[in-house]
Amino acid sequence: MKRLVAGAAALAAAGLGMARWAASRGRVPGAAKDPLESSRWLGITINRPPDEVAPGGHLPEPLGRMDAEVRMNRAPGDRGTELYARPRAQRPGTLARLRGGEDPRTEIRTALRETKSLLETGDVLRSDEEMETTRPTLPGKVLDMALGRAAEGGRL
Amino acid sequence: MKALCWQGVNELSVEQVPDPAILNAQDAIVKVTASTTCGSDLHLLGGYIPAMRAGDVIGHEFIGEIVDVGPEVSRHRPGDRVVVCSIIGCGRCWACRHDEWSLCENSNPSPGITDLMWGGTTAGIYGYSHAMGGFRGSHAEYIRVPFVDYNAFTIPEGVSDLDALFASDAAPTGWMGAELGGVKPGDVVAVWGCGGVGQMAARAAMLLGAERVIAIDRYPERLAMTARHVGCEVIDYTSTDVTAELRERTGGRGPDVCVEAVGMEADSTGIQRVYDGIKQQLRLEQDRPIAVREAIHACRTGGSVFVLGVFSGFVDKFPLGALMNKGLTLRGAQQHGQRYIPKLLDRIAKGDLKTSYLATHVMTLDEGPKGYEMFKHKKDGCVRAVFRPWA
């Protein structure tokens with residue numbers, strides 16, 4: 001089995017090497033980075049009509065208290081309202097984020113999700129993780145890091 | 001309270017854990033009276049579904065009695081005897097309103113994980129990893145049920161615990177495979193897998209009017225049980241060529257609807273099993289799609305394939321050419337149980353649908369690790385082990 005793993009690893013490494021070489025020769029385009037990544041609108045669709053999402057033009061609370069640009073429009077068909085937001089503040093650079101600086105886009109993702117849940121169900125569901133039954137392990141630490149971002153991450 | 005906890009790959013133990021509490025105003029606490037193993041638990045047990053923590057309570061298919069409700073619960077009260085859908089729905093998002101409950105947009109507090117893995121958020125599920133919300137499972141004395149007004153259904157008088165139990169997951173999952181697979185009167189339907197879900201899919205196909213239903217497995221006792229209780233034809237795939245057998249039984253056409261009820265740990269005879277096993281162990285594919293491949297090849301041109309078995313990620317050698325050129329329709333989903341449970345309970349009450357025979361081994365919660373050992377290795381003809389925490 002070890003030989004098989006080593007073989008597969010060698011094959012993968014050779015493949016990666018070939019890909020890098022080909023890319024450096026200009027034969028294979030690299031993955032395109034989204035030039036609008038930091039300024040794109042983050043959007044969510046709420047199963048409520050626009051006049052219930054922002055009655056009298058007032059934004060729902062989780063978004064209303066944020067320093068964000070917000071827009072909304074009726075969603076196609078019977079889907080309710082498309083609600084969009086993006087931070088006014090510049091996104092901190094990679095180094096600043098590594099030093100603990102919060103990315104305002106992650107806070108907006110959370111706020112959009114909470115807004116949707118509050119408007120549709122009247123509540124934001126809490127996880128049973130608050131009633132701990134688990135014990136710490138090394139794989140659990142890795143999972144904790146992923147879960148720490150799970151409410152504010154994703155494609156939204 | 002007592003609960004059956006995942007401690008690591010192939011390692012379970014019964015532990016004392018804190019009692020659950022009402023965390024949201026629409027929650028209830030249910031005293032679990034019966035909770036069953038499900039084939040999809042084996043993927044957690046075997047380490048194929050990541051995002052489990054040592055100490056997580058597993059189990060998702062259960063019935064019980066409501067003992068406490070939050071201040072905003074209106075349809076249930078303490079004392080109600082209920083079956084609870086294994087999938088948590090909020091009841092008010094667009095997906096729930098359109099009866100696609102396993103796509104609920106508000107019931108998974110960790111949406112970023114499935115959003116990144118699959119490009120979309122899916123519903124929370126009890127005892128099914130932190131990717132599915134980190135909810136405690138039902139192999140316990142008590143469980144918290146969020147949005148209880150939408151997820152718990154009163155069990156009709158006269159329906160036994162063991163009949164109602166499988167209305168939580170196996171019966172609605174099977175029914176969904178047949179219904180969304182498009183089964184209609186006169187169809188020939190093939191079902192891969194004679195576990196609880198496969199048997200329920202086969203029975204649903206018959207009740208939806210299929211003229212012939214053929215179920216496929218390798219275990220003699222499961223094939224015999226399916227023939228006896230479902231009343232359909234069976235094929236032992238270890239003794240024949242399934243595709244050839246299906247062609248011969250269908251005038252050379254193949255089945256109109258193929259339902260796959262096997263999932264990511266599919267077995268087979270021959271080199272395919274070895275190939276997929278190696279690729280899965282090397283993580284070059286997450287899932288073994290052996291039954292899906294066979295269903296696509298066996299299905300008649302223009303037919304329909306429904307994937308009920310649980311898959312987590314990427315597969316290899318997927319027959320896209322066959323799917324496209326034969327004009328097949330491929331669908332899949334976790335169960336939209338809330339859509340089916342009320343009418344399934346009615347059918348169970350009327351005797352149209354029998355389910356309690358699936359409970360081959362009824363045990364105490366303390367026997368949980370032994371129950372899973374028997375269930376995983378199909379020992380003593382185990383189709384489902386059922387735990388009764390208060391027995």
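Is any residue of the stretch B:89-127 close enough, with backbone N under 17 Å, to a label point placed 7 angstrom from the Cα of B:Asp149 along the Cα-Cβ axis, and if so, which?
Once the point is set 7 Å along Cα→Cβ of B:Asp149, B:89-94, B:96-98, B:106-107 turn out to lie under 17 Å by backbone N, inside the stretch B:89-127.
Which loop-located GluC sites (Glu not before Pro) does the stretch B:96-188 contain, where loop means any DSSP state but H, G, I, E or B and the Cβ has at most 14 other Cβ atoms within 10 Å? Let's see the in-between values first.
Values: sites: B:Glu100, B:Glu105, B:Glu141, B:Glu157, B:Glu179; in loops: B:Glu100, B:Glu105, B:Glu141, B:Glu157.
The qualifying sites are B:Glu157.
Taking only Cα atoms, what is the 0 to 90° angle, nearest 10, from helix B:271-281's long axis to the longest principal axis of chain B?
40 degrees
Compute the distance in nm between two label points, each set 7 Å from the Cα along the Cα-to-Cβ direction, one at A:Leu138 and one at B:Thr364.
For A:Leu138 paired with B:Thr364, the spin-label model returns 3.8 nm.
Hey, what do the phi angles of the stretch B:224-240 turn into as Karplus ³J(HN,Hα) couplings, whole Hz, using 6.51/-1.76/1.60 and θ = phi - 60°, x for Gly and Pro?
5, 4, 5, 4, 6, 8, 8, x, 10, 6, 9, 9, 8, 6, 7, 10, 7
Taking other Cβ within 10 Å of each residue's Cβ, how do B:His76, B:His297 sort, fewest first? Kindly include the intermediate steps, with their values, before the conclusion.
Numbers: B:His76 19, B:His297 16.
With the sparsest Cβ surroundings first, the list reads B:His297, B:His76.
What is the fewest-to-most order of B:Tyr237, B:Tyr372 by other Cβ atoms lying within 10 Å of their Cβ? Walk me through the numbers on the way to the answer.
Numbers: B:Tyr237 19, B:Tyr372 22.
Arranged by neighbour count, lowest to highest, B:Tyr237, B:Tyr372 become B:Tyr237, B:Tyr372.
Collect residues whose amide H, placed 1.01 Å from N in the peptide plane, falls under 5 Å from the amide H of B:Met363; neighbours closer than 5 in sequence don't count.
So B:Met363 has HN proximity to B:Val386, B:Phe387, B:Arg388.
Under a point spin-label approximation (7 Å from Cα along Cα-to-Cβ), what is the B:Tyr275-A:Glu130 distance to one decimal in nm?
So the label points at B:Tyr275 and A:Glu130 sit 5.0 nm apart.
Students often forget the sequence filter, so: which aspartates and glutamates lie under 15 Å Cα-Cα from B:Lys31 once same-chain residues fewer than 8 apart are removed?
B:Asp19, B:Glu61, B:Glu65, B:Asp68, B:Asp80, B:Glu141, B:Asp161
Give, as a single signed number, the net charge of other residues whose beta carbon lies under 14 Å from the beta carbon of B:Val17, with Lys and Arg counted +1 and Asp and Glu -1.
Numbers: positive: A:Arg135, B:Lys2, B:Arg53, B:Arg136, B:Arg144; negative: A:Asp128, A:Glu129, A:Glu130, A:Glu132, B:Glu15, B:Asp19, B:Asp56, B:Glu141.
Net charge around B:Val17: -3.
Using the beta-carbon distance between B:Met324 and B:Trp118 and R0 = 22 Å, what value does 1/(1 + (r/R0)^6) give for FRET efficiency, to the nearest 0.05? Mind dumping the intermediate values first?
Values: r = 22 Å, r/R0 = 1.00.
So the FRET efficiency works out to roughly 0.50.
Just checking the output field for A:129-141: average partner chain Cβ neighbours within 10 Å of each residue's Cβ? Before the final figure, lay out each step's value.
Details: counts 9, 4, 8, 4, 15, 12, 6, 3, 5, 0, 7, 6, 1.
What the average comes to for A:129-141 is 6.
What is the helix-to-structure angle for B:337-350, meaning the angle in degrees between its Cα long axis and the longest Cα principal axis of chain B, kept from 0 to 90 and rounded to the nearest 10?
That helix lies at roughly 90 degrees to the long axis.
Could you work out, residue by residue across A:46-52, how many beta carbons of other chains sit within 10 Å of that residue's beta carbon, and then give the average as an integer? Intermediate results must be reported in sequence, preceding the final value.
Numbers: counts 3, 10, 2, 0, 0, 0, 0.
Across A:46-52, the average partner-chain Cβ count within 10 Å equals 2.
Under 5 Å between amide H atoms, partner at least 5 residues away or on a different chain: which partners does B:Asn106 have, H built in plane at 1.01 Å?
B:Cys90
Around B:Leu328, under 14 Å between beta carbons, what's the net of Lys plus Arg minus Asp minus Glu among the other residues?
Here the charged neighbours net out to +2.
Mind sorting B:Tyr126, B:Tyr340, B:Tyr275 by how few other Cβ atoms lie within 10 Å of their own Cβ, fewest first?
Values: B:Tyr126 32, B:Tyr340 23, B:Tyr275 16.
Result, fewest neighbours first: B:Tyr275, B:Tyr340, B:Tyr126.
Work out the FRET efficiency for B:His229 and B:Asp267 from their Cβ-Cβ distance, taking R0 = 22 Å, and round it to the nearest 0.05.
Efficiency, from the Cβ-Cβ distance: 0.45.
For the pair B:Tyr357/A:Glu52, report the inter-label distance in nm, with labels modelled 7 Å from Cα in the Cβ direction.
So the label points at B:Tyr357 and A:Glu52 sit 4.7 nm apart.
What is the set of long-range amide H partners of B:Glu265 at a cut-off below 5 Å, with H atoms built 1.01 Å from backbone N?
B:Arg288
For an R0 of 51 angstrom, estimate the FRET efficiency from the Cβ-Cβ distance between B:Asp380 and B:Ala25 and round to the nearest 0.05.
Working: r = 45 Å, r/R0 = 0.89.
So, using R0 = 51 Å, E works out to roughly 0.65.
Please work out whether chain B counts as rounded, prolate or oblate from its C-alpha gyration tensor, where a ≥ b ≥ c are the square roots of the eigenvalues and a/c under 1.5 means rounded, while otherwise a/b larger than b/c means prolate and anything else oblate?
Numbers: a/c = 1.56, a/b = 1.44, b/c = 1.08.
Judged from the Cα gyration tensor, chain B comes out prolate (a/c at least 1.5, a/b above b/c).
Considering the zone a paramagnetic label at B:Ser239 would reach in this model (a point 7 Å from Cα along the Cα-to-Cβ line), which residues of the stretch B:177-215 have amide N under 17 Å from it?
B:193-194, B:214-215, by backbone N distance to the label point.
In peptide B:183-196, what is the residue-averaged number of other protein chain Cβ atoms found within 10 Å of each Cβ?
On the way: counts 0, 0, 0, 0, 0, 0, 0, 0, 0, 0, 0, 0, 0, 0.
Per residue, the average neighbour count from other chains is 0.
Read-outs throughout are calculated quantities, based only on the coordinates presented, and are distinct from any laboratory measurement. Small disclaimer: the values here were computed from a predicted structure and weren't measured. Backbone-built Cβ (ideal geometry, glycine too); neighbour counts: all protein chains shown.
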